Amino acid sequence: MRLAVFVVSGVLSMSAWGNCSSDDQRRHLKFADSPGSGQEHVACKRDFELNKDIWAVASPRDASEDASEDSYDLDVSLEDLVSGKSIAVGHFKGLLKNGGGPELGEIKVDTGRYFIAPGVRAFGVRALNSMTLFGVPTDGEELALFVVRGKDIVNVLSNADMRISYSNRAEVCEEQRREIARVLVVDKALSHGFRDLLVKETITDSAGKKDASGRCRLAPTSVKTNEHRLQYDGSKYTVPRDMQEVDCRVC
């Protein structure tokens, strides 16, 4: 990775994310040719650095009939567009949750400016998922972060929920909804040589109500903000318990 001065990462724009599905483009990836069962998810983002691509391929862990209900393996590759060769690769068994709860729907590469240590810039893979919790449909998004060490890609953060949405999906005047939105910011404090990560959280509760004209509309009833600090333990960033356990309220 190129050397860079520290910066504090702000809100990420949607243009920092990307996905792709071209069979021609993904054919040169050796890890994408392994046999699997069920749908594979492919994502890429160009210009992470000059003339480089990041590729991510999520696939079931095995070729059995139950593979679609198991967690997905994730393969990540940093590609040199000039030489056509892989600069670094990583394979992560069962990193993306699927089955027995969340169902993996899509992956995206996140090339936000995550400068987490001197000369170290992380990049992310965001996994969109859905599930039903106590009969309540739920949508979510998880973030995993990676760094390049030599020819290896190393996972430094996994299973960090960045968006959760609960709704009883009732008629508008009876709908109850809770939405948790989180934004990752790189802090100045250090833990084991890596910058702390701050997750700024907004919890919005909404309910269906009739307005002055008698029409049903979904309106916020409560908005709360919170902050979570993720610290590097020498190997990975630890996701705090209060960030993992969220009261859905409408379940």
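The values are calculated or read from the model by the stated rules, or taken from the named source; none is laboratory data. Computed from a predicted structure; not experimentally measured. Side chains included, ligands, DNA and RNA excluded: accessible areas come from the protein's heavy atoms. Shrake-Rupley method; radii C 1.70, N 1.55, O 1.52, S 1.80 Å.
Rounded to whole numbers, the Karplus 3J(HN,Hα) couplings from phi for the range 182-195 are 10, 10, 8, 10, 7, 8, 8, 5, 10, 9, 6, x, 10, 4 Hz, using 6.51 cos²θ - 1.76 cosθ + 1.60 with θ = phi - 60°, and x at Gly and Pro.
When 87, 164 are compared by accessible area at a 1.4 angstrom probe, the order from most to least is 87, 164. Ranking 192, 228 from most to least accessible surface, computed with a 1.4 Å probe over the protein chains only, gives 192, 228. Its relative contact order, with pairs defined as Cα atoms under 8 Å and 6+ residues apart, puts the range 90-131 at 41 percent. Here's how it looks for residue 250: its modeled amide H is under 5 Å from none belonging to a residue 5 or more places away or on a different chain. Here the contact order of the range 74-143, divided by its residue count and restricted to Cα pairs under 8 Å and six or more residues apart, works out to 21 percent. Residue pairs exceeding 20 angstrom between C-alpha atoms, taken from 97/200; 52/151; 52/108; 85/236; 93/200; 108/188: 97/200; 85/236; 93/200; 108/188. Karplus-derived 3J(HN,Hα) values for the range 104-121, using 6.51 cos²θ - 1.76 cosθ + 1.60 with θ = phi - 60°, are 5, x, 6, 10, 9, 8, 10, 10, x, 7, 8, 8, 9, 6, x, x, 10, 10 Hz; glycine and proline are entered as x.
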